[in-house]
Amino acid sequence: MKIVDSHCHLDFDPLSSDINNVFKRARDVGVARLINVGASLRGSRASVEMANIYPNVWASVGFHPHEAETMLDIDNKIEEIETLSWDEKVIAIGEIGLDYYDPERPITLDQKKKQKELFTKQLELSQKLKLPLIIHVRDAWDDFFSIIQNSKFETQNSSAAQGVVHCFTGSEKEAKKILDLGFFLGFTGLITFDQPKFNHIRRALKIVPLDRILVETDAPFLAPEPFRGKTNEPAYVLEVIKKIAKIKSISIEEVVENTTKNVEKLFNIR
Ligand SMILES: [Zn+2]
Ligand SMILES: [Zn+2]
């Protein structure tokens, strides 16, 4: 099997300090390639470095919405991302987007404004560079759809979608809108969690065609069952694949074949 973990952060501890074993365990279950996703300037640099050391690793570069609040000199920071993107192993801008989830207190209008500005500027960068997007959206669907629909966002060519909404957490309604926009949807260990509060994600998965699904771990976060609560790692993407196969009543091989083809098409990697 030639599985791709389309979204992980191997530069985070404790994965970075155990990288060779992490790769070995991934290879042992058939994970042939990985995309290491940048979420900050430090993470984006680390992703590019890692992709240049390991032939089976590709990189994305960008600022996660959580970076927005403390970011000064946003245009300069985005220029640094642009410079990093020139590396030939960089295949996407991401992860970028909106995240209004805060268990402590409601997010302020000013925080939302900063996130929207950072997101919009990075959308423009991706258009300029003609690179696909890795998008993070949490509790911010309305603003996400309005920014995407109002931006001068163009499909790069009619046969290729322009990005992935990673770690999909929405319901059928959002899934349909994302499909209409031409994006892929990335599914994580969340679909393996038993509680009813994750049922809506499983229901959404049912209506997403196989040619629009990517699989990912988002390691070191969100380890799927039966590893829930542990450090996630690329080898565990197999649990996500098994769950998709079960929900869609198809074989594991069929999930792997399709999701790998989707990664190759979206990010133009072979
Ligand atoms: Zn994310
Ligand atoms: Zn991530």
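The values are calculated or read from the model by the stated rules, or taken from the named source; none is laboratory data. Predicted model, so just to flag it, every value in this text is computed and none were measured. A quick note on method: Cβ atoms are made from the backbone with ideal geometry, for glycine too, and the neighbour counts reach across all protein chains shown. The accessibility values were calculated without ligands, DNA or RNA, using every heavy atom of the protein model including side chains. Shrake-Rupley method; radii C 1.70, N 1.55, O 1.52, S 1.80 Å.
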Using a 1.4 angstrom probe with every protein chain in place, what is the largest-first accessible-area order of R203, R27, R212?
R27, R203, R212
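To the nearest 20 Debye, how big is the dipole of the range 148-270 about its Cα centre, given +1 on the beta carbon of each Lys and Arg and -1 on that of each Asp and Glu?
It works out to roughly 320 debye.
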Could you grab the relative contact order for the range 72-182? Cα pairs under 8 Å, six or more apart, rounded to a whole percent.
27
With the dipole of the range 4-113 worked out from charges on the C-beta (+1 for Lys and Arg, -1 for Asp and Glu) around the Cα centre, which of A32, V48, T83 lies farthest toward the positive end?
A32
Coarse-grained scattering of the chain at q = 0.08, 0.10, 0.11, 0.16 Å⁻¹, given as base-10 log I(q)/I(0) from a Debye sum over alpha-carbon atoms:
-0.28, -0.45, -0.56, -1.28
Distant alpha-carbon pairs in the range 189-270 (separation over 17 angstrom), percent
47
Pull out the extension gain between Y101 and D139, defined as 0.36 nm times the separation in residues minus the alpha carbon to alpha carbon distance; nm, one decimal.
13.1 nm
Relative to the present Cα-Cα distance, how much length would full extension add between E82 and L179 at 0.36 nm per residue of separation?
32.1 nm
I'm checking a number: the convex hull volume of the Cα atoms of the range 59-167, normalised per residue, in Å³. What is it?
107
Evaluate the distance, in nm, between pseudo-label points positioned 7 Å from the Cα of E264 and of I207 along their respective Cα→Cβ axes.
3.1
Pull out a ≥ b ≥ c, the square roots of the eigenvalues of the alpha-carbon gyration tensor of the range 19-110, then state rounded if a/c is under 1.5, prolate if not and a/b is larger than b/c, and oblate in the remaining case.
oblate
Pairs of lysine residues in the range 1-146 - Cα separation under 30 Å, sequence separation of 8 or more or cross-chain
28
With all protein chains present and a 1.4 Å probe, the order of Y101, Y54 from largest accessible area down is Y101, Y54
With each pseudo-label sitting 7 Å past Cα toward Cβ, what's the A245-R42 distance in nm, one decimal?
3.9
Of all GluC sites (Glu not before Pro) in the range 48-130, which ones are in loop regions per DSSP and have a Cβ with at most 14 other Cβ atoms within 10 Å?
E69, E88, E104
So the FRET efficiency between L109 and N150, C-beta based with R0 = 25 Å and rounded to 0.05, is 0.85
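With N denoting the number of residues in the range 116-270, provide Rg(C-alpha) divided by 2.2 N^0.38 Å, to two decimal places.
Dividing the Cα radius of gyration by 2.2 N^0.38 Å gives 1.03.
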